[in-house]
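A quick write-up on the structure given underneath.
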Amino acid sequence: MGGYMGKILRVNLTTGEMRDEATNPDWAEQFIGGAGLAARYLWEHLAPDADPLAPENPLIFMTGPLTGTAAPSCGRFVVCARSPLTGLWGESNSGGFWGPELKFAGYDGIVISGRAPEPVYLAIADGKAALKPASHLWGLDAYETQRLVKEEMGDRRARVACIGAAGESLVKYAAIMNDHGRAAGRTGMGAVMGAKNLKAVAVLGHASVPVADADALRAAVDDILQFIQEDPASQVFRLMGTANGVILQADIGDMPIHHFAGGVFPAAIDISGPTMSETILRRRASCFRCPIGCGRRTAPTRDPFATPGVDGPEYETIASFGSLLDCADLEAVARANHLCNVHGLDTISCGVTLALAYQMFEAGILTERDTDGLRLEWGDLRPAIALIPRIARREGFGALLADGALALARRFGVEDWAVHVKGLEVPMHDPRANIGMALVYATGPRGASHMDADVYMVDLGQEQEELGILAGNRFDQSADKVGIVIRMQNYHAFTNSLIACSNAFYGSHRWRALFAAVVGREISPNDLLTAGERIFNLKRAIVNRLGVRREDDRLPAALLKPLPDGGTEGNVPDMDALLPEFYRQRGWDWKTGRPLFDKLVNLGLNGPANELWR
């Protein structure tokens, strides 16, 4: 098939053994690539009793069939394993240039097991892999590690994915950093890497990704480039990055405020995309072959937040360290973003955990004796900034924050205060502002993840008409809205396997055209949804194997309380009505939370069917 290099690299860090194996063509056909193909490999190799930080937990880096081709906005890769934060399906993807470079080095993916006796990094160049000593890199930040490993590779074109202090310290929401400040942030994949004594993975290559029909690919790319010139959403993302919608999202109640308890944030303009453009923005940044370029390079200048070069902040970080903490200081937010990048921390989980700490401090549950003498007062980001390096190194109060919001709340007896689903902190889209997101969070395989289906964008006009994904009332709780959520989950399971950027709103018909041109296989709208449904249900089978039941599909108490003011208009999701309808339409068993046997078999998931229902 076009789009695949045809090889997976197997690495056993315990023994140092490395070998190539053929990319399984049947799995690639069924599960596409990216997170879908990684899920198939993980199903094969993940034991239900494997500790996430044990050598037995496989760590999988995977690309998709469009990665490294001329397909626009597809320069991404995914990292998957059992999550140390949730104990469930761990998945995080990142942009930049690392994913394409892995393809150019000759591989579709890497499956890593074991634990090195001493710190190492994996160097892959033109089909040859070697483990290199990394004790001299242990303790270095993510930026310095990337610089030094590139020097050791002997070519500045090498791309490096690495961990900082947070991964080394096994912080449960540690990120993997690449291309300076790009992050595979969610679910703690950096901690898995740290537990394996693996500091970095460097890739360099000169191969070309095979394409089934080069003429058809050129035509599909030209169509997308023309579309972008005329598409308002693409132009807005180009001009103002992902922060373009801050003012609107705050106005409609989508952007969380005051640890999910506030309805109005009058200072939203101060941390918005337009304000960033007028103040700290230095230039735009693009991933591999992306014509949009929503990335930002910024430079705060005011003490104590002055930083010469910051990758970001993007929307999720702006809300996590801005409105969530009642902070309207964009330079402070950018500084917090920079420190998370340097040390390798997921900004969402870090921001939500800190917001919980602020709430607990306000209530007197935490005092200055607990917080290393810091006063955690709403709107003041200086204590949070001081705590980020301590979290990354598990020092002082930072050690209590390093295991995430749920662990912090449990320690002090306020478990209901933690805003999470299945242990994963809720991202910066409040489900009270878009009811469809309540189901996305409650039923997602990794917990609360907006990347599993951005239904909030559908109701803002980003429809996929050929898939039956249509805009509607954001407060709708009907069976029709449940069906749209399911189709959107299936659609994103497919695009997260290509892998396509979620900020590229090109339309499903254009992704189908790119897929057909690269892979050489036509895919209908129905085939696309079926492929996504197969992938989504396999991930569900994985979390069922790891212990998830229907009772775990729920929202935290904080998100079931109506807000007195703001854009949510007092709405809350009725989970007692939504979940049974979701289960009915999904073909999941209400008693156990598993996909029904016939559903799995009809999707070609015979192995999961027999294991879950034997």
*Kindly indicate which of Arg76, Arg82, Arg115 is surrounded by fewer than 21 Cβ atoms within 10 Å (Cβ to Cβ) and charged (D, E, K, R).*
Arg115
*asked:* Can you pull out every residue in segment 36-84 that is of a type in the set (A, V, I, L, M) and over 30 Å from Ser286 (Cα atoms)?
replied: Leu42, Leu46, Ala47, Ala50, Leu53, Ala54
*Odd one out for Pro133, checked against (1) in contact with an Asp or Glu (Cβ under 9 Å, 6 or more places away or on another chain); (2) closer than 26 Å to Ala405 by Cα*: (2)
*Criterion violated by Val601 - all others in (1) surrounded by 22 or more Cβ atoms within 10 Å (Cβ to Cβ); (2) in a helix (DSSP H, G or I) satisfied*: (1)
*Within the set of pairs 6+ apart or on separate chains, which have a first residue in segment 565-578 that is hydroxyl-bearing (Ser, Thr, Tyr), a second that is at pLDDT 95 or above and surrounded by fewer than 15 Cβ atoms within 10 Å (Cβ to Cβ), and C-beta atoms under 8 Å apart?*
Thr568/Pro562
*Would a scan of segment 452-467 turn up a residue that is under 19 Å from Arg549 (Cα atoms) and among the hydrophobic types (A, V, I, L, M, F, W, C)?*
no
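Has segment 535-552 got any residue that is in a loop (DSSP other than H, G, I, E, B) and surrounded by 15 or more Cβ atoms within 10 Å (Cβ to Cβ)? First the steps, then the outcome.
In the first step, residues of segment 535-552 are kept if they are in a loop (DSSP other than H, G, I, E, B); the result is 546-549.
Of the ones still in play, those that are also surrounded by 15 or more Cβ atoms within 10 Å (Cβ to Cβ) are 546, 548.
For segment 535-552, residues in a loop (DSSP other than H, G, I, E, B) and surrounded by 15 or more Cβ atoms within 10 Å (Cβ to Cβ): present.
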*Which one is farthest from Leu59 (Cα to Cα) among residues in segment 199-214 that are crowded, with 24+ Cβ neighbours inside 10 Å and not small (Gly, Ala, Ser)?*
Val203
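Okay, residues lined up against (1) of a type outside the set (Val, Ile, Thr); (2) in a loop (DSSP other than H, G, I, E, B); (3) out of contact with any strand residue (DSSP E or B) (no Cβ under 9 Å at 6 or more places or on another chain); (4) more than 25 Å from Gly16 (Cβ to Cβ):
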position	(1), (2), (3), (4)
His136	yes, yes, yes, no
Gly139	yes, yes, yes, no
Glu144	yes, no, yes, yes
Lys172	yes, yes, yes, yes
Met193	yes, no, no, no
*asked:* Show me the strands (runs of 3 or more DSSP E) found entirely inside segment 5-112 where at least 3 residues are over 22 Å from Asp179 (Cα atoms).
replied: 7-12, 18-22
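Mind checking whether some residue in segment 254-275 is in the same structural domain as Ala357 (by TED's automatic domain parsing), charged (D, E, K, R) and under 27 Å from Ala557 (Cβ atoms)?
Our first condition is that a residue be in the same structural domain as Ala357 (by TED's automatic domain parsing); within segment 254-275, this holds for 254-275.
Imposing the further condition that a residue be charged (D, E, K, R) reduces the set to 254, 270.
Imposing the further condition that a residue be under 27 Å from Ala557 (Cβ atoms) reduces the set to 254.
So far as segment 254-275 goes, yes, one or more of its residues are in the same structural domain as Ala357 (by TED's automatic domain parsing), charged (D, E, K, R) and under 27 Å from Ala557 (Cβ atoms).
Which residues, taken from segment 579-598, are assigned to a helix (DSSP H, G or I) and surrounded by fewer than 16 Cβ atoms within 10 Å (Cβ to Cβ)?
Those that are assigned to a helix (DSSP H, G or I) and surrounded by fewer than 16 Cβ atoms within 10 Å (Cβ to Cβ): Pro580, Arg584, Gln585, Asp598.
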*Just one of the numbered conditions (1) within 30 Å of Lys132 (Cβ to Cβ); (2) under 23 Å from the mean Cα position of the chain (by Cα); (3) surrounded by fewer than 24 Cβ atoms within 10 Å (Cβ to Cβ) is not true of Asn12; which one?*
(2)
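Please state which one of Arg369, Arg302 is surrounded by fewer than 17 Cβ atoms within 10 Å (Cβ to Cβ), in contact with an Asp or Glu (Cβ under 9 Å, 6 or more places away or on another chain) and either modelled with pLDDT of 95 or more or in the same structural domain as Ala261 (by TED's automatic domain parsing) (or both). Step through it out loud before you land on a result.
Working: Arg369 fails: in contact with an Asp or Glu (Cβ under 9 Å, 6 or more places away or on another chain).
Step by step, each of Arg369, Arg302 is checked, and only Arg302 is surrounded by fewer than 17 Cβ atoms within 10 Å (Cβ to Cβ), in contact with an Asp or Glu (Cβ under 9 Å, 6 or more places away or on another chain) and either modelled with pLDDT of 95 or more or in the same structural domain as Ala261 (by TED's automatic domain parsing) (or both).
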*Name every residue in segment 553-576 that is surrounded by fewer than 17 Cβ atoms within 10 Å (Cβ to Cβ) and either within 24 Å of the chain's Cα centre (by Cα) or not in a helix (DSSP H, G or I) (or both), in order of residue number.*
Ala557, Lys561, Pro562, Pro564, Asp565, Glu569, Gly570, Asp574
_Qualifying residue in segment 212-230 (condition: closer than 20 Å to Pro100 by Cα, among the acidic types (Asp, Glu), in contact (Cβ under 8 Å) with a residue 24 or more places away in the chain and part of a loop (DSSP other than H, G, I, E, B))_ = yes
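For segment 448-469, which positions are charged (D, E, K, R) and not in a loop (DSSP other than H, G, I, E, B)? Don't jump to the end; show me each part of the working.
To start, the set of residues in segment 448-469 that are charged (D, E, K, R) comprises 452, 454, 459, 463, 465-466.
Selection gives Asp452, Glu465, Glu466.
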*Of all residues in segment 452-485, count the ones that are surrounded by fewer than 20 Cβ atoms within 10 Å (Cβ to Cβ) and within 25 Å of the chain's Cα centre (by Cα).*
7
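Collect the residues in segment 470-508 that are part of a helix (DSSP H, G or I) and touching a Pro at 6+ places or on another chain (Cβ under 8 Å), keeping them in residue-number order.
The answer is Leu498, Ser508.
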*asked:* Checking the conditions here, which among Lys150, Lys128, Lys132 is in contact with a Phe, Trp or Tyr (Cβ under 7 Å, 6 or more places away or on another chain) and surrounded by fewer than 20 Cβ atoms within 10 Å (Cβ to Cβ)?
replied: Lys132
*Here are some conditions: (1) assigned to a loop (DSSP other than H, G, I, E, B); (2) under 27 Å from the mean Cα position of the chain (by Cα); (3) of a type in the set (Gly, Ala, Ser). Ala399 meets all but one. Which one does it not meet?*
(1)
*Selection from segment 435-454 of residues that are free of Cβ contacts under 8 Å to residues at least 60 places away in the same chain and more than 19 Å from Ser497 (Cβ to Cβ)*: Gly436, Met437, Ala448
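The values are calculated or read from the model by the stated rules, or taken from the named source; none is laboratory data. Owing to the predicted nature of the structure, the values given are computational and were not obtained by experimental measurement. Cβ sites come from the backbone with ideal geometry, for glycine too, and all protein chains shown count toward neighbours.
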